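Participant: Take this structure first; my questions come after.
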Amino acid sequence: MSTSVTLARNSNQALGLGQYAIDFLREGNPDRTVLRRTAMFHLDAVICGLSALALHTNAPVVLRQEALEYPDPAGATAFGSNIRVKAEKAVVANSSAVREWDSNGTNFGYRPELGHTAGEFGHNDFYPVVVAACQQKGLDGLTALKAMVCLDEIRGRLAEVFSLKTYKLDHVVHGAIASAAVYGALMGATAEQIESAIGMFVAHTVPWRAIRAGKQLSDSKGASAAISTESAILFMKRAMNGFVGPKDIFRNPEAIFRFFEPTTEGAARWKEQGDSPFDLVLSMSGSDFAVMRMHFKLGLYEHQSAGALQGVINLLADHPDLLRDQSGSGIGRITILAYEPAFGIIGNPMKKSPTTRQSADHSMAYIVATLIRKAVDYVAAHGSLPSGGTDHDAIWKALILTPWDYKTDESALYHPVTRAIMDRIDFQHGGPEYDAKYPEGIPTSIKVGNLNSGLIMFPAGHAGNTTADLESILENKFQALGSLALENPAPLIEKLANFDQVSADQMIGLWDLPLLSHADYES
């Protein structure tokens, strides 16, 4: 069996994606390292989602309540419930919860060996699609894991060849397309039906980055993947009931792909021979899957800030005198250099004084200042920062950024030390030298006074990092967030870490969990 499938630009790629998803579920053979990494990304997503619900964040609570208003005895379940509801409603609720903290995995759209370097980012928001379908069809955890690999493969490879952000389109488009394909394949749809669903989504429901614009961000930013995927699942159901959507959508000159990146080959007769702007190369077996190049966040922070966080941790570990004063005054002027799009997204001057959690976690100044303030507090309480690990693993664990670090009161968002440190931060665009190194890495440098971190490319959590003890740091994250949601998160962590061993019967009750309640978090 071939290790990959190429969907050529002069072929019907929407139909090809449908057939690929069907074939992969039947014949795909990702190796154990791929399944293991996918299980860890799924565990990460679930822990993020459960903790967001336990802390009563708005969008997940609203969408979960909405889901419970659509009972379906043949449907799927929402987090914290054993009530089966319409699949698309379980998906919109669970995907919203997963994404609320903006702390789950990230892809970078970078495959230089094939020249596929579009650099579109995206996140592991779409696993609830797979669980919902498996609950509906009575499928087990191993099948679910393979389907998750397939979903990440489709959206990850699309991110390598088409940059949505360039055209102010939201990155969740790729994930919604992948969700339609994989949900359809799990539910027994034909390739033609999947093509219809993909065509309907692209023609009717493509979201713009307007949801991420403005001085302070809203619920729409965190729920974008959820809302788009809800539409994709509805379109897939509709197609399976006989509704025919637009065909061959990647070669349609008035759909987003050829409209924004016009092609001339076959343009006069696009239905017969016109090209899409790209070839798609999708893995079928082995270890070269998109999920293997995805990045884990080690706490709550925008992934574009990871290089700065690693630089700060390195400097604080090497120069403990910086933390000698509990007011943070030992920290002088801070200069951060980074690439685009990091500078434009989390360096926007409007983010320099965030007033909402959603804006704070997209503010480089706030994220870095909060980490430093936590380091000051840690040294005041313990005498020094912990040591251990090539990439200072113990410090990543001790200073983990959690939901409490984004609470909108003086304990976090308006903490006087944090705000004082923010005032001393100067975030600058590093220019072409930095831009050229993204998306291979997260090129960032940080100066504190006269001390310079040097260029950080692969911080802990990045797929290119080979020195940090990733699993140990992630265990710390899972415990920290999991304990917000469950009295004892260990059994769930163990179950999801070994998701391939979950039976079809266990899949039905997977989210029947007694969630804790922290109703004061958003007050």
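Participant: Looking only at residues that are at pLDDT below 90 and of a type in the set (Gly, Ala, Ser) in the range 338-366, which one is surrounded by the fewest Cβ atoms within 10 Å (Cβ to Cβ)?
Facilitator: Across the range 338-366, the extreme among qualifying residues is Gly344.
Participant: Which condition number in (1) under 27 Å from Glu195 (Cα atoms); (2) at pLDDT 95 or above; (3) of a type in the set (A, V, I, L, M); (4) assigned to a helix (DSSP H, G or I) is the one that Val312 fails?
Facilitator: (1)
Participant: OK, next. State all residues of the range 334-383 that are in a loop (DSSP other than H, G, I, E, B) and either on the phi > 0 side of the Ramachandran plot or not polar (S, T, N, Q) (or both); if no residue qualifies, say none.
Facilitator: Answer for the range 334-383, where residues must be in a loop (DSSP other than H, G, I, E, B) and either on the phi > 0 side of the Ramachandran plot or not polar (S, T, N, Q) (or both): Tyr339, Glu340, Pro341, Gly347, Lys352, Pro354, Asp361, His362, Gly383.
Participant: Quick one: what pairs do we get from the range 165-191, first residue in the same structural domain as Leu142 (by TED's automatic domain parsing), second among the aromatic types (Phe, Trp, Tyr) and crowded, with 24+ Cβ neighbours inside 10 Å, C-beta under 7 Å, 6+ apart or different chains?
Facilitator: Qualifying pairs under 7 Å: Gly175/Phe126; Ala176/Phe201; Ile177/Phe201; Ala178/Phe126; Ser179/Phe126; Ala180/Phe201; Ala180/Phe235.
Participant: Here is a check on your reading of the model: is Thr106 under 18 Å from Lys165 (Cα atoms) and surrounded by fewer than 20 Cβ atoms within 10 Å (Cβ to Cβ)?
Facilitator: The answer is no for Thr106.
Participant: Please verify whether Gln193 is closer than 27 Å to Cys48 by Cα, over 20 Å from the mean Cα position of the chain (by Cα) and not charged (D, E, K, R), treating the condition exactly as stated.
Facilitator: Judged against the criteria, Gln193 is not a match.
Participant: Let me ask something else. Please give the helices (runs of 4 or more DSSP H) falling wholly within the range 2-105 in which 1 or more residues are among the hydrophobic types (A, V, I, L, M, F, W, C) and more than 25 Å from the chain's Cα centre (by Cα).
Facilitator: Correct list: 13-27, 58-68.
Participant: Now for a separate question. I'm checking my understanding of the structure. Among residues of the range 160-202 that are hydroxyl-bearing (Ser, Thr, Tyr) and in contact with a helix residue (DSSP H, G or I) (Cβ under 8 Å, 6 or more places away or on another chain), which one is surrounded by the most Cβ atoms within 10 Å (Cβ to Cβ)?
Facilitator: Ser179
This table checks each residue for (1) modelled with pLDDT under 95; (2) of a type in the set (A, V, I, L, M, F, W, C); (3) more than 21 Å from the chain's Cα centre (by Cα).
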| residue | (1), (2), (3) |
| --- | --- |
| Ala420 | yes, yes, yes |
| Glu433 | no, no, yes |
| Gly449 | yes, no, yes |
| Gly454 | no, no, yes |
| Phe458 | no, yes, no |
| Thr467 | yes, no, yes |
| Leu470 | no, yes, no |
| Ile473 | no, yes, no |
| Asn476 | no, no, no |
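Participant: Being over 21 Å from His362 (Cβ atoms) and in contact (Cβ under 8 Å) with a residue 24 or more places away in the chain is the filter here; which residues of the range 432-449 pass it?
Facilitator: Once the filter is applied, which keeps residues that are over 21 Å from His362 (Cβ atoms) and in contact (Cβ under 8 Å) with a residue 24 or more places away in the chain, the range 432-449 yields Lys437, Glu440, Lys447, Val448, Gly449.
Participant: Okay, next question. With (1) hydrophobic (A, V, I, L, M, F, W, C); (2) under 30 Å from Ala52 (Cβ atoms); (3) in a helix (DSSP H, G or I); (4) at pLDDT 95 or above as the list, and Ile211 as the residue in question, which single condition is left unmet?
Facilitator: The number of the failed condition is (4).
Participant: For residues that are part of a loop (DSSP other than H, G, I, E, B), within 23 Å of the chain's Cα centre (by Cα) and surrounded by fewer than 23 Cβ atoms within 10 Å (Cβ to Cβ), tally how many sit in the range 399-410.
Facilitator: The total comes to 3.
Participant: Can you find even one residue in the range 316-323 that is in a helix (DSSP H, G or I), touching an Asp or Glu at 6+ places or on another chain (Cβ under 9 Å) and more than 20 Å from Arg424 (Cα to Cα)?
Facilitator: no
Participant: Out of everything in the range 275-306 that is of a type in the set (S, T, N, Q) and outside any helix (DSSP H, G or I), what residue ends up being farthest from Phe250 (Cα to Cα)?
Facilitator: So the residue we want is Ser287.
Participant: Which one is nearest to Thr38 (Cα to Cα), of the residues in the range 135-194 that are in a loop (DSSP other than H, G, I, E, B) and of a type in the set (Asp, Glu)?
Facilitator: For the range 135-194, the residue satisfying everything is Asp140.
The values are calculated or read from the model by the stated rules, or taken from the named source; none is laboratory data. None of these values were measured; they are calculated from a predicted model. Neighbour counts are summed over all protein chains in view; Cβ atoms, including those assigned to glycine, are modelled from backbone coordinates with ideal geometry.
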